[in-house]
Amino acid sequence: MKCEEALAKISAYINHTLSGRELEEFIDHVEHCPECYDELETYYTIKVGINYLEQDRQDAYNIPQMLKKDLRQRKERLQRRRAIRWMLMVAAVFVVAAGLLWVAVQWGGFSFDRIL
Ligand SMILES: [Zn+2]
């Protein structure tokens with residue numbers, strides 16, 4: 001992702017409207033690009049800061065830290081989602097393999113006796 005793209009996606013990040021893939025690329029970019037990270041932090045501070053000042057929250061002073069936590073949590077969620085997808089794929093492969101084996105046994109005269 002280029003800086004222009006990342007900068008254009010900052011408000012989408014803050015508003016939670018990025019898709020999984022976009023979010024992944026966005027996080028990857030801001031983690032390695034200090035300029036875009038600064039920009040993100042500024043927007044985040046404005047957005048979150050205003051909310052917190054309205055609510056008079058005590059932890060509003062530590063917004064840069066909250067952004068780091070937010071990025072980390074969203075990344076973990078992406079990784080978890082990917083792990084689940086991978087497990088589902090493995091399960092699907094097993095189901096298909098079992099199905100093929102069943103078909104082979106039923107119709108192909110395939111027998112374990114021949115292998116064992
Ligand atoms: Zn950048």
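The values are calculated or read from the model by the stated rules, or taken from the named source; none is laboratory data. If you're wondering where the values come from, they're calculated on a predicted model, not measured in any experiment. Neighbour counts run over all protein chains shown; Cβ positions are idealised from the backbone, glycine included.
With L67, L7 as the choices, which residue is of a type in the set (A, V, I, L, M, F, W, C) and under 17 Å from the mean Cα position of the chain (by Cα)? Sole residue among the options that is of a type in the set (A, V, I, L, M, F, W, C) and under 17 Å from the mean Cα position of the chain (by Cα): L67.
Within 32 Å of the chain's Cα centre (by Cα) and of a type in the set (F, W, Y), is that true of W107? In short, no.
Selection of first residues in region 1-30 that are farther than 22 Å from T45 by Cβ and of second residues that are away from the ligand (no atom under 11 Å from the Cβ) and at pLDDT below 95, restricted to Cβ pairs under 6 Å at least 6 apart or on distinct chains, gives the following pairs, ordered by first then second residue: E24/L78.
Screening the candidates I14, I27 for the property of being modelled with pLDDT of 95 or more and either touching a strand residue (DSSP E or B) at 6+ places or on another chain (Cβ under 9 Å) or under 12 Å from L71 (Cβ atoms) (or both) yields one hit, I27. When residues in region 31-55 are screened for being within 19 Å of R82 (Cβ to Cβ) and surrounded by 17 or more Cβ atoms within 10 Å (Cβ to Cβ), 0 of them pass.
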